[in-house]
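Below is one structure, written out as structure tokens; the observations come after it.
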Amino acid sequence: MSADQANALTRRGAERVAEYERSGDLRALDDAVDLFGAAYRLVEHSPAARANLGQVLLARFTVRHDRVDLEAGVALLVGVPDRDPGVTAQLASAYLDLFDLDGDPGHLHESVRLHESVPARDPTAANHYGLALMARYRHAGRTADLHRATDVFRGAARSEVRAFVLGNLAENLYARLNAGEHTVLDEGVAVADEVVGLLSRDNPHLGRMVQLAGVFRRYRYEHSGDRDDIDQAVRLLRAALEVPAADATAVRGSLSAALLRRFQEAGDVDDLAEAADLLRSGLAQRPPGHRDHAGWVGNLAEVLRTRYLHFGDLDALREAVDLSAVAADVPGSGYAAALQDLYWRTEDPAVADRAVQAAFRRLRSDDISTTETYANALRCRFAARRDPADLHEAIRLHEQVLAGTPFGTGGHGRALSNLADAWRQEYRRTGEPGALGRAVAHWGRAVRSDAVPEPERARYQRLWGEALLVYADHLGDDGPVRRAAAVFAAAATNEGADARNRLDAAHLWSSAAEHSGDRATALRAAGLAVELIPQTVSRRLARTDQEHLLTRQNGIAADAAALVLDAGDEELALRWLEQGRGVLIGQALDARLDLTPLREAHPAVADEWTSTVDTLAAARSGDERHAAAARRDRLLARIRALPGFADFLRPPPMAELRAAASGGPVVVVNTSRHRCDALVLTAHGVDVVPLPGLTLDDATRTASRFAAALAATTTPGQAEADAQHVVTEVLAWLWHAVVGPVLDHLGPVDRVWWSPGGPLAALPLHAAGTDGQSALDRVVSSYTPTVRALARARDTARRPLEGELLVVAMPTTEGERPLPHARREASTLMTSWPAVALIGEFAQRDTVLDELPRHSIVHFACHAVDDASRSRLLVHGDRPLTLLDVSRLDLPSARLAVLSACHTARAAPDLGDEALHITGAFQLAGYSSVVGTLWQINDRVASRMAIEFHRGLAGRPERAAHVLREVVRATRDNYPHTPSLWAAHVHHGV
């Protein structure tokens, strides 16, 4: 009777299973468990009853995930003798589920053993077998399991469950790819593509498969260099983000990697910015403590390091160093590489030491990339410490890397370039021609390598060209120069390369072409170099980074102008100087552009432009600057596409430049290694005054000698007398070399604006003179950094006067020598004119900034510090009034600023073309007329000069230049043998 009851219960249980399989009704599955359980209790000795209950419990586990069902089902099936293959396969799958729950490797091994014991597996069982093999590979790292799983999945895919199995095959191939097996790339792409085509939109696996399709293509791009693969990778990964069931954070990580690679291929800065945004947002989902946190941090560090390499953004590099330190133990961490970049930028030996230590910790004999990183770190330390052993070991390791890198890959080109650079270092150390020859040969091979991204190839071309020039000089043969010109041309015209590399290549291309006698090409290359100068000093960068880059391109605009003067085009020479000098001033003037025409035609666009410019000016972090600058660039392109606005923010035409000279000639002095000239701009055009008595070397030596003499004038006694004699000699040299020839050419004129660049920017052209001839007696002199800046000063000079005179004075400043005459100076001005005074403790930074907009004329009597963009006026408290504070102002009523302080108009020695000084900052703020000083001034004499200046000015700022000339002349007559007392005072503007 029990057997009959058990059979009846079994039949009913089977019916409920069939109902569940038909309808998906879980109540039917629960009924089946109850019915099979009742039958088993009646006939516990029956293997069939045991198998039925075990199987239905495991089936219910797959939907309800109740561990009790899983463990009970396994226990039942284990006790079934002579199991059929289907039951054994189900038990094997159950052991895999147990492993997933408890991580017991015994369960995993049992799953694999049971699967292997089944002589013939159906496709579903085979799929589970492959999953078990994959699980054991991940747990134990057995490569044989990984490869066996591939075969199992491939076999199972040849069935009706192909779509299901192919997804697992794609994951298996991805694991093999991560293990370094690039041979599976083509199959991975094909499998992932097929799965995507088979799955429905609502399939929960679709997002992952689309992601894998993109990832496989990204890896294939990295292996083969096929541009189409990386474009397709980005497209697919963007599409994966739109799939509802996709793991959005994981897809963002994959997309960021693809965008980074595409940026490295094509140089689209929007790709790089998007990669950074994706990683920062993804890190919010991968906080510290998350198993993937270090990997995401490392990826963000790589993106930021790339930002530095492309733009020169030091803040990005420092953040990359800090971030990659967190991920230093993650395979592939870029910590050591980021430290190497930081060394080459800062030349700090301690950073080179850290780079070597970090690279050595990651060094593995079976990983050639770690060997490459260590070799590069050793070259850094050699540069810092000069130990030849470091360089020799680096060369040995680089040769080892080259031998172990497959030909035709991007890594092969990189290995060649690194080895070439090491041999160049060896040549510089020893002068051995063989080392130079090896460098030339290896760079030539790197340039011709396959699978090298074009921006990177452009860098190899520039380096190869530089080595060729040295080689030509060594051989005394012009053949390598012509070859160098060709490779420089290729690098300079590669629009995907970074602007800095292109600029260097263009300048060298021009020089090489000129050396070869190809003047037309030299001019074309020089024009490209000038065009690239503003692009290198990106608005995406902090001011200190911009200054650093500008110091690297000293003389490029001057050389270009000299070449075009040889060709007889004076106007083009002037325009190139306008474009290549005063770059930072030009950026500031762009931000203050009169938008009236745009606002009248397109008011919404004008408002958007104003908002964008304001956002960029207010940006403090690197991400903010890069995002705002990108928005500005896109908007600028839109505006130039509007009818009538094609020239929006382009360099001004000659008609506008000539208009700036309506009040008198503007003398732009160009000092180049090729030739030196004064370009005299008048309302009628440009005249060239050759300066045969001036050379770049003479100007550089004289500026250095002059600076040393000025420092010595503060030492009483014979040293001061000798120094004053040097200053007098320099004034005479300036007369003979520059000022005299220009004034003789001009004839009788009342007013001249000087615009010197390079080393002449630190010298007092206005005070040049000798033997009874003096610029002070011939002409009223003013200065302007560029013609465009003078044009703006003329516009602001039309503003009506507002408010009283503002006087800011600091008789005493903590840490500085007292200025006792500053109080007398302020008191005299207050009693002579209606004035508001901020003296001593009342002259705080914020108070001064609040008062400046209320006054057209301001007078400072205080200490100043000149330090490029960190220059500052020392007011009360620990917050000085900085150059950047002032230059960011836009004061609608500003007319005249008098800076009775030391070296407020002195340009940084290596930034002579930029007018980076406090006087220039006040001009940018809107003051049409600024009085400053070129060096340290005597408190008593300067105070007397300031009082006499205001007395002669009588509240009329338009007379500032004339009155200052008279005050300086009077002081000169009182102190004819101490020119340092009076020649420092200069007038900028109109």
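Which one of Leu70, Leu57, Leu96 is out of contact with any Phe, Trp or Tyr (no Cβ under 6 Å at 6 or more places or on another chain), closer than 30 Å to Arg142 by Cα and either β-branched (Val, Ile, Thr) or part of a helix (DSSP H, G or I) (or both)?
Leu96
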Some residue of the range 36-51 being modelled with pLDDT of 90 or more, under 22 Å from Ser2 (Cα atoms) and in contact with an Asp or Glu (Cβ under 8 Å, 6 or more places away or on another chain): yes
Test: residue in the range 591-603 that is buried (at least 20 other Cβ atoms within 10 Å of the Cβ), under 30 Å from Glu347 (Cβ atoms) and in contact (Cβ under 8 Å) with a residue 12 or more places away in the chain: no
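Residues that are of a type outside the set (A, V, I, L, M): list the strands (runs of 3 or more DSSP E) wholly contained in the range 663-705 that include at least 3 such residues.
Details: elements: 666-671, 676-682, 685-690.
Where strands (runs of 3 or more DSSP E) fall fully within the range 663-705 and carry at least 3 residues being of a type outside the set (A, V, I, L, M), they are 676-682, 685-690.
In this structure, does Arg634 turn out to be without any contact (Cβ under 8 Å) to a residue 12 or more places away in the chain and assigned to a helix (DSSP H, G or I)?
Values: without any contact (Cβ under 8 Å) to a residue 12 or more places away in the chain: yes; assigned to a helix (DSSP H, G or I): yes.
For Arg634, the condition - without any contact (Cβ under 8 Å) to a residue 12 or more places away in the chain and assigned to a helix (DSSP H, G or I) - is met.
Any residue in the range 38-45 that is over 18 Å from His115 (Cα atoms), touching a residue at least 12 places away in the same chain (Cβ under 8 Å) and either within 60 Å of the chain's Cα centre (by Cα) or not in a helix (DSSP H, G or I) (or both)?
At the first step, the residues of the range 38-45 found to be over 18 Å from His115 (Cα atoms) are 38-45.
If we keep only those that are touching a residue at least 12 places away in the same chain (Cβ under 8 Å) as well, we get 38-40, 42-43.
Going one step further and asking which of them are either within 60 Å of the chain's Cα centre (by Cα) or not in a helix (DSSP H, G or I) (or both), we end up with 43.
Yes, because at least one residue in the range 38-45 is over 18 Å from His115 (Cα atoms), touching a residue at least 12 places away in the same chain (Cβ under 8 Å) and either within 60 Å of the chain's Cα centre (by Cα) or not in a helix (DSSP H, G or I) (or both).
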Residue identified as assigned by TED's automatic domain parsing to the domain that holds Leu883, surrounded by fewer than 18 Cβ atoms within 10 Å (Cβ to Cβ) and at pLDDT 95 or above among Arg845, Arg854: Arg854
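Among the residues of the range 937-946, is any under 33 Å from the mean Cα position of the chain (by Cα), closer than 23 Å to Thr813 by Cβ and polar (S, T, N, Q)? Let's see the steps before the verdict.
Looking only at the range 937-946, we keep the residues that are under 33 Å from the mean Cα position of the chain (by Cα), and these are none.
There is no residue in the range 937-946 that is under 33 Å from the mean Cα position of the chain (by Cα), closer than 23 Å to Thr813 by Cβ and polar (S, T, N, Q).
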Candidates Ala336, Ala359, Ala355, filtered to the one that is closer than 30 Å to Arg552 by Cβ, free of Cβ contacts under 8 Å to residues at least 24 places away in the same chain and of a type in the set (A, V, I, L, M, F, W, C): Ala359
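When you go through Glu160, Glu116, Glu110 one by one, which is the residue that is modelled with pLDDT under 90 and of a type in the set (D, E, K, R)? Give the derivation first.
Working: Glu116 fails: modelled with pLDDT under 90; Glu110 fails: modelled with pLDDT under 90.
Result: Glu160 is the single residue among Glu160, Glu116, Glu110 that is modelled with pLDDT under 90 and of a type in the set (D, E, K, R).
Step by step: first the residues of the range 234-257, then only those that are in a loop (DSSP other than H, G, I, E, B) and among the small types (Gly, Ala, Ser), then the one that is modelled with the highest pLDDT. Which residue is that? Break it down into steps so the answer makes sense when it comes.
Applying the first criterion (in a loop (DSSP other than H, G, I, E, B)) to the range 234-257 yields 242-247.
With the extra rule that they be among the small types (Gly, Ala, Ser), the set shrinks to 245-246.
Working: Ala245: 80, Ala246: 84.
My answer is Ala246.
Considering each of Arg650, Arg638, Arg581 in turn, give the residue that is surrounded by fewer than 16 Cβ atoms within 10 Å (Cβ to Cβ) and modelled with pLDDT under 95. Outline the logic, then answer.
Working: Arg638 fails: modelled with pLDDT under 95; Arg581 fails: surrounded by fewer than 16 Cβ atoms within 10 Å (Cβ to Cβ).
Residue meeting the stated conditions: Arg650.
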Flag for Ala350 being in contact (Cβ under 8 Å) with a residue 24 or more places away in the chain and of a type in the set (A, V, I, L, M): no
Residue ID - surrounded by the fewest Cβ atoms within 10 Å (Cβ to Cβ), chosen from residues in the range 920-969 that are part of a loop (DSSP other than H, G, I, E, B) and among the hydrophobic types (A, V, I, L, M, F, W, C): Ala954
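Among the listed residues Leu572, Leu565, Leu616, Leu598, identify the single one that is under 25 Å from the mean Cα position of the chain (by Cα) and not assigned by TED's automatic domain parsing to the domain that holds Ala678. Explain how you work it out, then say what you get.
On the way: Leu572 fails: under 25 Å from the mean Cα position of the chain (by Cα); Leu565 fails: under 25 Å from the mean Cα position of the chain (by Cα); Leu598 fails: under 25 Å from the mean Cα position of the chain (by Cα).
Step by step, each of Leu572, Leu565, Leu616, Leu598 is checked, and only Leu616 is under 25 Å from the mean Cα position of the chain (by Cα) and not assigned by TED's automatic domain parsing to the domain that holds Ala678.
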Cross-chain or 6+ apart pairs with Cβ under 7 Å, the range 959-973 first and without any contact (Cβ under 8 Å) to a residue 40 or more places away in the chain, then aromatic (Phe, Trp, Tyr) and not in a helix (DSSP H, G or I): Thr971/Trp982
Residue count for the range 162-205, restricted to those that are more than 13 Å from Gly130 (Cβ to Cβ), of a type in the set (A, V, I, L, M, F, W, C) and buried (at least 19 other Cβ atoms within 10 Å of the Cβ): 9
Number of positions in the range 691-704 that are within 15 Å of Pro909 (Cβ to Cβ), surrounded by 15 or more Cβ atoms within 10 Å (Cβ to Cβ) and not hydrophobic (A, V, I, L, M, F, W, C): 2
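Filter the range 970-990 down to the residues that are among the β-branched types (Val, Ile, Thr) and within 49 Å of the chain's Cα centre (by Cα), then identify the one that is surrounded by the fewest Cβ atoms within 10 Å (Cβ to Cβ).
Our first condition is that a residue be among the β-branched types (Val, Ile, Thr); within the range 970-990, this holds for 971, 978, 986, 990.
Subsequent filtering for residues that are within 49 Å of the chain's Cα centre (by Cα) retains 978, 986, 990.
Working: Thr978: 20, Val986: 25, Val990: 25.
That would be Thr978.
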Leading residue by the ranking (farthest from Val931 (Cα to Cα)) among those in the range 729-764 that are part of a loop (DSSP other than H, G, I, E, B) and either touching a residue at least 24 places away in the same chain (Cβ under 8 Å) or charged (D, E, K, R) (or both): Val749
Scope the range 765-820; condition assigned to a helix (DSSP H, G or I), of a type in the set (D, E, K, R) and within 30 Å of Ala588 (Cα to Cα); matching residues: Arg788, Arg792, Arg794, Asp795
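The values are calculated or read from the model by the stated rules, or taken from the named source; none is laboratory data. All values reported here derive from a predicted model rather than from experimental measurement. Backbone-built Cβ (ideal geometry, glycine too); neighbour counts: all protein chains shown.
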